[in-house]
Structure formats: C-alpha cells, structure tokens
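Let me begin by presenting the structure, written as structure tokens, before commenting on it.
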C-alpha cells in the first residue's frame, strides 16, 4: 500500500488524497519527505523559507487533527477535517525541538535538541508534521511538532533550515532539498539564507 498525502480543498472544497512515493525519513529529526504527482485541482505549491522569522511574525499552521477512521468488515472509512490555526512567532531557539533518533536513549534525545520556534498558533494533537507558514512570505518556515499549551505554555515547530541543507535524499539523486530546488525550480522553491548559529 502506498502512503497518501491529504490535500485540503479540492474543487468542491473537500480534501482529496494523492499517492506518495519515494518517502524518506530524516535520520535525526522527526521529518519525512515524499514525492506526489501534480494534481489539476491543486496547482499551487508552497515554497520553503529558511530565513529566520522575527518575533511577532504572523504564521498559519495547517493540519488534520480530527481525522477519524471507522472500520467494518467490508469498508474502511476515513473522515478528514482540515484545520488551520493562526498565531505569531514568539521566539527562535537553537535548541528547542527534541530529536528522535531511535539509536539514542531518551536522556540523550532530551539533551540533543534542534533549532525551532515557539509560536502561539494553537496546535491540537494531530497537527504534528503540518507546515507552519509565514503569512508574509507564503512559505513553510517550520514543521509543527509539539505543544506545551496543555500546560499553559507555547507550541513549538522545527525550523526548516535544520534539514534543508544537510540532508542528502536518495530519491532526489542524493541532493539536499536546496540543491534539488536549485536544479529543478519548477518542482521545488527554497529561499533564504539557511540556519543561523
């Protein structure tokens, strides 16, 4: 079975599924990329932004937190509800997002953190993996990955600059996302100066 990517708002406003092939999971961060065919009802694509967003930058989180699956002997039914949450960047931190390497102990993973943002866009359970889009640039600047909001704290997201430049992806000819975008500008758009130190 091929994984599927849910695309919000087809021609009738309902989400639709696209098959995803060539999925690759990052060796350290909880991020995966895959390839999906273009779809005539979804001509827009989001670019990736790697410039650091300033506190107060308006952002939009997109995800599917209320997906329900019901199963019967004859049929598997999926109910997908698209959700978007608006907020602002609170801060950028070079060591805020936990890493997910399976060969590390829980203590080691809690010590090794990745760069990311705290933000105020409400991210209920199930939004992880969704894009955090800067409304000024219309680019994905982070991947939502956690929340302390149930404890009265912030939500956090992995900075795209953490994985755009240093991850050679096999199905892209062992190129990084930035290298692939440079060579294939009609397929992927990456802009920004990368990760700051």
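Taken together, the residues in region 180-191 that are under 13 Å from residue 50 (Cβ atoms) and either at pLDDT 95 or above or touching a helix residue (DSSP H, G or I) at 6+ places or on another chain (Cβ under 7 Å) (or both) amount to 3.
Can you confirm whether region 99-109 contains a residue that is at pLDDT 90 or above and over 16 Å from residue 52 (Cα atoms)?
Looking for residues that are at pLDDT 90 or above and over 16 Å from residue 52 (Cα atoms), one finds none in region 99-109, hence no.
Is it the case that residue 61 is within 26 Å of residue 186 (Cβ to Cβ) and modelled with pLDDT of 85 or more? Judged against the criteria, residue 61 is not a match.
Among the conditions (1) over 30 Å from residue 186 (Cβ atoms); (2) surrounded by 13 or more Cβ atoms within 10 Å (Cβ to Cβ); (3) at pLDDT below 75, residue 87 misses just one, which is (3).
The values are calculated or read from the model by the stated rules, or taken from the named source; none is laboratory data. Since we're looking at a predicted model, the values are computed, not measured. Here the Cβ is made from the backbone with ideal geometry for all residues, glycine too, and neighbour counts use every protein chain on show.
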